[in-house]
Number of protein chains: 2
Amino acid sequence: MNLITIKDIAKLAGVSYSTVSKALNGDPRIKPATKQKVLAIAEKHQYRKNILAQQLSTGRSNIIGFVLGELSNPLFSNISGKLHAELKKRGYQMILVVAHDGVDVFSQLRVDGCILWDNALDYQDAFWKKFSALTMPCFVLGTDESLSSPYIKVDRKEGIFKAVEYLNSLGHTRIGFIGNSQNIKLEGYKEALQRTGLNFEEDYVLPAHSSWEDGYFAIRNYSFGVNAPTAFIGLNNLVTRGALRGLLEAGYNVPRDISLIGYDDLPDMQYAEVALSTIGPELDELAVQAAELIVSLIRDEVVDYPIVIQPKLIHRSSTAVYRGELFDE
Amino acid sequence: MNLITIKDIAKLAGVSYSTVSKALNGDPRIKPATKQKVLAIAEKHQYRKNILAQQLSTGRSNIIGFVLGELSNPLFSNISGKLHAELKKRGYQMILVVAHDGVDVFSQLRVDGCILWDNALDYQDAFWKKFSALTMPCFVLGTDESLSSPYIKVDRKEGIFKAVEYLNSLGHTRIGFIGNSQNIKLEGYKEALQRTGLNFEEDYVLPAHSSWEDGYFAIRNYSFGVNAPTAFIGLNNLVTRGALRGLLEAGYNVPRDISLIGYDDLPDMQYAEVALSTIGPELDELAVQAAELIVSLIRDEVVDYPIVIQPKLIHRSSTAVYRGELFDE
DNA sequence: CTGAAAGCGCTTACAG
DNA sequence: CTGAAAGCGCTTACAG
């Protein structure tokens, strides 16, 4: 643990330690020769700046916190990885905290800023209040609400609309939705039907929370009678993959009998038994936007908000033209 | 940003700030009444200890670093999540860093300890050297090597042996291995064949690195002629799932025609088209052991090592008795 | 039971 | 171009 400090270097170099500090930080006022000497000594002794001390002194940590509700959904590890990479490019470390108590952690750790993934809000209002009381730059990523502070919105309603419109353009008129745990998507679904001139049937919304099993059982427990949907939209990547398995096991051919499109575009989706068509935000873009926004906020720059990310439709093999046989009267 | 400090509280409470510090830290020498007053004021003004200052002062950060090679393999997000939870139970924050430069980050951040997932070692020797030069408690998780400092070993060879033995007990004598990027597993495979009295055929090792696609194409590019394997072991979760898809698309029935068992036990494995039999360490156990070890090391306790984790075989639907028809001469 | 003081390793006006 | 000094917000012997 006996690491070399700025004072040791000062002694070795025969200068004051404030000079060492400046040389190390590239202060232009330091004479090149002095700088050289200091850097050489630092290098030789493997000097490592004590970030803690620097942070205490400057009041900044160069760490950005990312609050997530959970890690079990592949979407989150994917986003975390990309965000981590983008932040690093900009000189920041990212630390990940699994929601709920995330805010408390950050108010203690004094990160420079933090990003909250919207899903964490599903659970606790109190959480959101604490969050907005934070005295550091922070914003919500992927929210649907309109907030009075900067945020990045994912236009999920519009995404669902694109999916409905697309399925309708393939001739489907009975389009179901698998999953009832995210209001905004359900609303988007209803509005999309309306905009497309289709009827909403209570019966077309299959109950499913968010897991693979939920999607699977939603389908297995559904009775496909006359006028059953010929196309489904899945709430998220897990639900959709579970539903696909359910449909195949129930003996339906996807997409010949039933079309399926899933929310969230992850690698897993294209590797499903039937490569899944998807709708969802482009995750690379999401990460870039998030990284840039938090950096701007930390720098106290003026930012326009909301930043809106439009989900993209990706056509693969799980959606096809309506054949007008199955389930018709 | 104008957070209240220990000095403000001292002024408010009419005591010295060292007294405040002690009261806040539950020092028993402080009179209960004083302590009450201090705590009340702290509470009232939402005092938050500046962890940075505390860390600088005590030299400890209560943060543990976890170095990973990548985040794209679901195995890693799974382990990260579990480890995070276990560390939190023990009063530590975990920060995740994507390998390669992980060590540098930690030597700067001065975490209290760090854990390195073995895979990161596949790529750089230099990395390992830096790692072992770290002046903080640290250990390698999931290694196969014998090290001179504490480590947690996953006995992959024994795991592969169990898989081979199991397949052999089902009557399979031609057992292939999909994946050639991890020497230890290949060695385990060869040794297992030997121990089981089976022949090793160069041709039974299908080249595949580590991704889903690698597994898929390994199978699609393989020519299943006479004496082809009737059972395969997949290198990891992704390769195995890719291989399963490959087999199914090639028209084989799994497990009737060909049995498949995959390394890594993750939820995804049981949700594959055919619920995959697996071999692999129990991840909850892995996380618990890792958390306990790092905490012990930080506390300078004597620990026995290596800690060895034995992979477990889980039988699901992708493995069945050899029928002796396909590929036989 | 409490307080004055030194110290953790940096940064940064300020003076020279 | 360089240095002395104060300060970031805590903890912790040490003295009383």
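The values are calculated or read from the model by the stated rules, or taken from the named source; none is laboratory data. Every value quoted in this text rests on a predicted model; they were computed, and no experiment measured them. Cβ atoms come from the backbone with ideal geometry, glycine included; neighbour counts cover every protein chain shown. For the accessible areas, the whole protein counts, side chains as well, though only heavy atoms, and no ligand, DNA or RNA atoms are used. Shrake-Rupley method; radii C 1.70, N 1.55, O 1.52, S 1.80 Å.
Values computed for the structure shown
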item: Summed residue charge, Cβ within 13 Å of B:Thr34's Cβ, Lys/Arg positive, Asp/Glu negative; result: +4
item: Whole-Hz couplings from phi, Karplus 6.51/-1.76/1.60, listed for region A:162-170; x for Gly and Pro; result: 4, 5, 4, 4, 5, 4, 5, 5, 8
item: Area of A:Ile51 that stays accessible when all protein chains are in place (1.4 Å probe, Å², to 10); result: 20
item: Dipole magnitude of region A:156-280, debye to nearest 20 (Cβ charges: Lys/Arg +1, Asp/Glu -1, about Cα centre); result: 160
item: Accessible area of the protein assembly as shown divided out per residue, in Å², using a probe of 1.4 angstrom; result: 44
item: Shielding by partners - mean other protein chain Cβ count within 10 Å, residues of B:261-270; result: 1
item: Carbon/sulfur fraction of accessible area - the protein assembly as shown, other protein chains in place, 1.4 Å, %; result: 48
item: Radius, Kirkwood style, for chain A when every pair of distinct Cα atoms is counted (Å); result: 22.5
item: Over chain B: helical MRE at 222 nm, DSSP H runs n ≥ 4 each giving -39500 (n - 2.57), nearest 500; result: -12500 deg cm²/dmol
item: Estimated dipole of the protein assembly as shown in Debye, rounded to 20 [Cβ of Lys and Arg +1, of Asp and Glu -1, Cα centre]; result: 3720
item: Candidates A:Gln310, A:Gln36, A:Gln194, ranked by Gaussian network fluctuation over chain A, Cα under 10 Å, top entry; result: A:Gln36
item: Built amide H within the under 5 Å cut-off of A:Phe177, gap 5+; result: A:Val205, A:Leu206, A:Ile233
item: Most mobile of A:Thr319, A:Thr230, A:Thr196 in a GNM of chain A (Cα contacts under 10 Å); result: A:Thr196
item: Value of Rg/Rh across region B:245-329 [Cα atoms, Kirkwood radius]; result: 1.22
item: Built amide H within the under 5 Å cut-off of A:Leu96, gap 5+; result: A:Phe66, B:Leu96
item: Area hidden from solvent between A and B (accessible, protein heavy atoms only, 1.4 Å, total, Å²); result: 4000
item: HN-Hα J in Hz across region A:27-39 - Karplus 6.51, -1.76, 1.60, θ = phi - 60°, x for Gly and Pro; result: 5, x, 6, 7, 5, x, 4, 4, 4, 3, 4, 4, 4
item: Taking N as its residue count, the alpha carbon Rg of region A:156-280 over 2.2 N^0.38 Å; result: 0.92
item: With Cα atoms, 0 to 90° folded angle of helix A:237-249 axis to chain A main axis; result: 30
item: Prolate/oblate/rounded label for the protein assembly as shown (Cα gyration tensor, a/c 1.5); result: oblate
item: Per-pair calculated FRET efficiency, R0 = 41 Å: A:Asp203 and A:Gln310 via Cβ, rounded to 0.05; result: 0.85
item: Antiparallel bridge percentage (DSSP; both residues within chain A; nearest 5); result: 10
item: Relative contact order %, chain A, counting alpha carbon pairs below 8 Å whose residues are six or more apart; result: 15
item: Kirkwood Rh, angstrom, region B:6-49 [1 / mean 1/r, Cα pairs]; result: 9.9
item: Using θ = phi - 60° and Karplus 6.51 cos²θ - 1.76 cosθ + 1.60, couplings along region A:209-226 (whole Hz; Gly, Pro as x); result: 7, 8, 9, 4, 4, 4, x, 4, 6, 4, 6, 5, 8, 8, 9, 7, x, 4
item: Inter-part distance where region A:237-254 and region A:164-184 are each reduced to a Cα centre, Å; result: 16
item: Nearest-20 debye value, chain B charge dipole, Cβ charges on Lys, Arg, Asp, Glu; result: 2400
item: Most mobile listed residue (B:Ile30, B:Ile258, B:Ile79) in chain B, GNM with C-alpha springs under 10 Å; result: B:Ile30
item: Heavy-atom accessible area order for A:Val254, A:Val303, largest first, 1.4 Å probe; result: A:Val303, A:Val254
item: Test item: A:51-58 mean partner chain Cβ contacts at 10 Å; result: 6
